[in-house]
Amino acid sequence: VYSMLHHLLGAEAFRDFLRQLGAETGGTVVTTEDVQRAAEAVSGKDLEWFFRQWVRNRVKLDYAVGHLDVTSRQDAQGRRLYVNKVDIHRLGKAVMPVEVTLITADGQVHIAHLTGEARTETVTWEGTGPVRDVQIDAERRLPDVQPLNNHAHVPYTIRPLSDFPRLDSLLLYPFVLLD
């Protein structure tokens, strides 16, 4: 819970939160209400939702990579651009902000910050390469109950040899080519 609170507040605000919590309680037993009050004071936000789901109710958090759609187009200068769209599903009942990392075949990295409030959110990003990897919570800060569905690696496409005019330079194995 403290790790998620650190992620939610940010490093500097979390340090202020710890100072304020220590000053308010003076070394006595710390209650959930003390922690919530100090976190809300430092952040300036109502964090009832956070403490209700993580401390009082203990709901499950589960995000999953859903459908991935990549389309290409040419811009005005004739460069090939790729419009990458990926659906991120919240399968569990817990609501938590989450980072989604898209990595393209040419090495570009795009990080999207989702609120996690919707059951499905679509991340759309246009870049010079098609998406190769999608990672939800790449640093594993959140207690996702099924982390295996937080990552998707786009596999190579297998195409028939007849699609290629220069077979000798592209042939990796008889009757199979990798894009």
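The values are calculated or read from the model by the stated rules, or taken from the named source; none is laboratory data. In this text, all values refer to a predicted model and were calculated from it rather than measured experimentally. No Cβ is skipped: glycine too gets one built from the backbone with ideal geometry, and neighbour counts run over all protein chains shown. Heads up: the accessible areas ignore ligands, DNA and RNA and are worked out on the full protein's heavy atoms, side chains in. Shrake-Rupley method; radii C 1.70, N 1.55, O 1.52, S 1.80 Å.
Provide the packing ranking of 92-101, 16-25, i.e. peptides ordered by the mean count of other C-beta atoms within 10 Å per residue, highest first.
With the highest mean Cβ count within 10 Å placed first, the list reads 92-101, 16-25.
Couplings 3J(HN,Hα) for the range 49-66, derived from phi with the Karplus relation 6.51 cos²θ - 1.76 cosθ + 1.60 (θ = phi - 60°), are 4, 5, 6, 4, 7, 9, 10, 8, 10, 6, 7, 9, 10, 8, 10, 8, 6, x Hz, where x marks Gly and Pro.
For the range 36-48, backbone phi angles converted through the Karplus equation (6.51, -1.76, 1.60; θ = phi - 60°) give residue-by-residue couplings of 5, 4, 5, 5, 5, 5, 6, 7, x, 10, 7, 10, 4 Hz, Gly and Pro being listed as x. In straight-distance terms, cross-link reach from Lys60 covers every one of the lysines whose alpha-carbon lies under 25 Å from its own, apart from those fewer than eight places away in the same chain; here that gives Lys45, Lys93. The accessible-area ordering, largest first, of the residues Ile111, Ile136 stands as Ile111, Ile136, per a 1.4 angstrom probe.
Using C-alpha pairs under 8 Å with a sequence gap of at least 6, the mean separation divided by the residue count of the chain gives a relative contact order of 18 percent. Taking label points 7 Å from Cα along the Cα-to-Cβ direction, Arg80 and Gln146 give a separation of 3.5 nm. Note on Asn57 and Asp69: their simple-model spin labels are 3.2 nm apart, each label 7 Å out from Cα toward Cβ.
With axes computed from alpha carbons, what is the tilt in degrees of helix 11-25 against the longest principal axis of the chain, rounded to the nearest 10 within 0 to 90? It is inclined by approximately 20 degrees. Put simply, the amide H of Val154, placed in the peptide plane, has neighbours under 5 Å in Asp133, Val134, leaving out anything fewer than 5 places away on its chain. Among the protein heavy atoms, those of Glu12 account for about 130 Å² of accessible surface (1.4 Å probe, every chain in place). To put it simply, the accessible area of the chain at a 1.4 Å probe is 53 percent carbon and sulfur. In order along the range 80-95, the Karplus-derived 3J(HN,Hα) couplings, from 6.51 cos²θ - 1.76 cosθ + 1.60 at θ = phi - 60°, round to 7, 10, 10, 9, 9, 10, 9, 8, 10, 9, 9, 8, x, 7, 5, 10 Hz, and Gly and Pro are given as x. The Kirkwood radius of the chain, taken over pairs of alpha-carbon atoms, gives through the Stokes-Einstein law at 37 °C and 0.692 mPa s a diffusion coefficient of 169 µm² s⁻¹.
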